[in-house]
Each structure stands twice: as structure tokens, then as C-alpha cells.
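The values are calculated or read from the model by the stated rules, or taken from the named source; none is laboratory data. For clarity, every value in this text was computed on a predicted model and none was experimentally measured. Glycine gets a Cβ as well: all are built from the backbone with ideal geometry, and neighbour counts include every protein chain shown.
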Amino acid sequence: MNLVMLGAPGAGKGTQAKRLQDMRGLVQLSTGDMLRAAVAAGTKLGTQAGALMERGELVPDELVIGLISERMEEEPDGPGFILDGFPRTIGQAEALDELLKSRGEAVDRVLVIDVNDEALVGRITGRYTCATCGEGYHTLFKKPKVEGVCDRCGGTEFKRRKDDTEEVVRERLNAYHAQTKPLIGYYTAQGKVRTVDGMADIETVQKEIDLALDGA
Ligand code: AMP
């Protein structure tokens, strides 16, 4: 199954995608994670993308399409992908359709995690991740069970994203509404969309997602 996760920044796409990867063996492809790795490694692509990311703007389609295409080639066969943060424009969605078609596959489901903008700002500015395995946490909503120790891998180093400040979050929300939200219509026309209420707590959202994926 190939699954696209759609939702504004901070809606919980990464958290839920990681869980689906652990539970269902699907391969999570996050263009945000790939771009941050390129920035950290100081590659040419990272330099091109980094300045745009710091401002909360989208990076050009061809860069992210190239990244996704390379990663997909590394997984010639498998149980399927969870696309987290990609596609973000209609052009990317069309490119994804082509990439999957060349593998004899398609987007099977699109999960929309629905949240309101104001709640997102608070969510994003409180979040942080394990520096070792990337598990996500939040200062208010999801603390590690043992303070300072990652539940998933036992790591003790944590980090915050540079673009998780209020000002940049507002820009990222603008980009979401202008460029990414139209994808809901694109996939609704194909009958692939299931929407879950992302304002509920993490466990409730997880249950809703399982129902949306396993139900009709
Ligand atoms: P994310 O981790 O998905 O919130 O992405 C962080 C930043 O990376 C975004 O604000 C964009 O600048 C960039 N980015 C990630 N994925 C994409 C994409 N599919 N298209 C364009 N820009 C992206």
C-alpha cells in the first residue's frame, strides 16, 4: 500500500507516519527529513534548499522529486511507502503518479490530518525530536516516559528544528494553504481521501487512522 499523509505543518504527519512504519512495515519517505539531512551534510542541494526552508518557503519541485525518485529506486519491491510531506504541490503529485506508475503501482490512500491553524503554532513551537532515532516529543503533550531518555531507542540527545519558530510557522502555514491544500481536491476526485480529526490526542488519532486504513 502506498499512502500519502496530508496536513498542515504540525498536524502530526511525522508522528503518525513513524508509527505506521513501525506497525505495518511501510517505508516512510519524508522529504523534510531528507532535506534537513542534505543541509546538515552541506551538499549542494542542501545549500540550495536551506535558505528557503529557513524562511518557511517550499523548495523547487524538481529538487524534491529527484530526492523521492532516488529513494524509491533503493526500494525496488516492498510493502509500500508512506509519503510524509510529499507531494506538496500539484506538480509533485503528478510526478509521484508517474513514478509509481513506472513501478506498476499507484497512490492507494490519502490520509488528511485535519487541524486548526492556531492550535498548530502552539504544537510546533513545543516540539522536539530524539537526535538518534527521530522519535517526536512535545514539551506539553508527549514527554518521554523517563525524562531525558527516548522511549524508542534510549537516546539521551534531543533537538529542535530551526524552522519551528512562530514567524516561520506562519509562513509554512501560508505555503500549505496556497500550494498544498489543493491536493485534497486532486485526490478526492480520485476517491482516495480519508480525513481524520487531528485535534484529538495522539492515541485517538492513531485509532482513527487504523480505522481509515483498514475500513472500506
Ligand atoms: P517538513 O519537515 O515536511 O515540515 O518540511 C520542512 C521544510 O522543507 C518545508 O517548510 C519546505 O521548505 C521543505 N520541504 C519539505 N518537503 C517539501 C516538498 N515536498 N516540497 C517543497 N518543499 C519541501
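Which condition does Gly10 not pass, out of (1) farther than 19 Å from Gln179 by Cα; (2) within 13 Å of the ligand (Cβ to nearest atom); (3) at pLDDT below 95, if it passes all the others?
(1)
Could you tell me whether Leu63 is assigned to a helix (DSSP H, G or I), modelled with pLDDT of 95 or more and near the ligand (Cβ under 10 Å from one of its atoms)?
yes
What's the number of the only condition in (1) within 22 Å of Ile82 (Cβ to Cβ); (2) touching a strand residue (DSSP E or B) at 6+ places or on another chain (Cβ under 6 Å) that Lys142 fails to meet?
It fails just one condition, (2).
Of the numbered conditions (1) away from the ligand (no atom under 15 Å from the Cβ); (2) touching a residue at least 12 places away in the same chain (Cβ under 8 Å); (3) out of contact with any Cys (no Cβ under 8 Å at 6 or more places or on another chain), Tyr137 fails exactly one; give the number of that condition.
Just one mismatch for Tyr137, condition (3).
Only one residue in Ala178, Ala95 is farther than 20 Å from Gln16 by Cβ, within 13 Å of the ligand (Cβ to nearest atom) and surrounded by fewer than 15 Cβ atoms within 10 Å (Cβ to Cβ). Which one?
Ala178
Condition check: on the phi < 0 side of the Ramachandran plot, surrounded by 13 or more Cβ atoms within 10 Å (Cβ to Cβ), more than 16 Å from the ligand (Cβ to nearest atom) and charged (D, E, K, R). Does Asp197 satisfy that?
So Asp197 fails the test.
For the range 1-11, give me each residue that is crowded, with 24+ Cβ neighbours inside 10 Å and of a type outside the set (A, V, I, L, M).
Listed by number, the residues that qualify are Gly7, Pro9, Gly10.
Under 6 Å by Cβ, and 6 or more places apart or on different chains, what pairs join a residue from the range 1-12 that is over 13 Å from Phe86 (Cβ atoms) with one that is of a type in the set (Gly, Ala, Ser) and surrounded by fewer than 24 Cβ atoms within 10 Å (Cβ to Cβ)?
Met1/Gly80
Here are Met1, Met34: which of them is closer than 30 Å to Gly104 by Cβ, at pLDDT 90 or above and assigned to a loop (DSSP other than H, G, I, E, B)?
Met1
Glu75 fails exactly one of the following numbered conditions: (1) surrounded by 15 or more Cβ atoms within 10 Å (Cβ to Cβ); (2) over 25 Å from Glu166 (Cα atoms). What is the number of that condition?
(1)
Tell me, which residue of the range 42-54 that is in a helix (DSSP H, G or I) and more than 8 Å from the ligand (Cβ to nearest atom) is surrounded by the fewest Cβ atoms within 10 Å (Cβ to Cβ)?
Here the answer is Lys44.
Out of everything in the range 133-175 that is aromatic (Phe, Trp, Tyr) and modelled with pLDDT under 95, what residue ends up being surrounded by the most Cβ atoms within 10 Å (Cβ to Cβ)?
Out of the qualifying residues, it is Tyr137.
May I ask you to list pairs of residues, at least six apart or on different chains, whose Cβ atoms are under 9 Å apart, with the first in the range 66-87 being more than 18 Å from Gln179 (Cβ to Cβ) and the second being polar (S, T, N, Q)?
Every condition considered, the pairs that remain are Gly80/Asn2; Phe81/Asn2; Phe81/Gln28; Ile82/Asn2; Ile82/Gln16; Ile82/Gln21; Ile82/Gln28; Ile82/Ser30.
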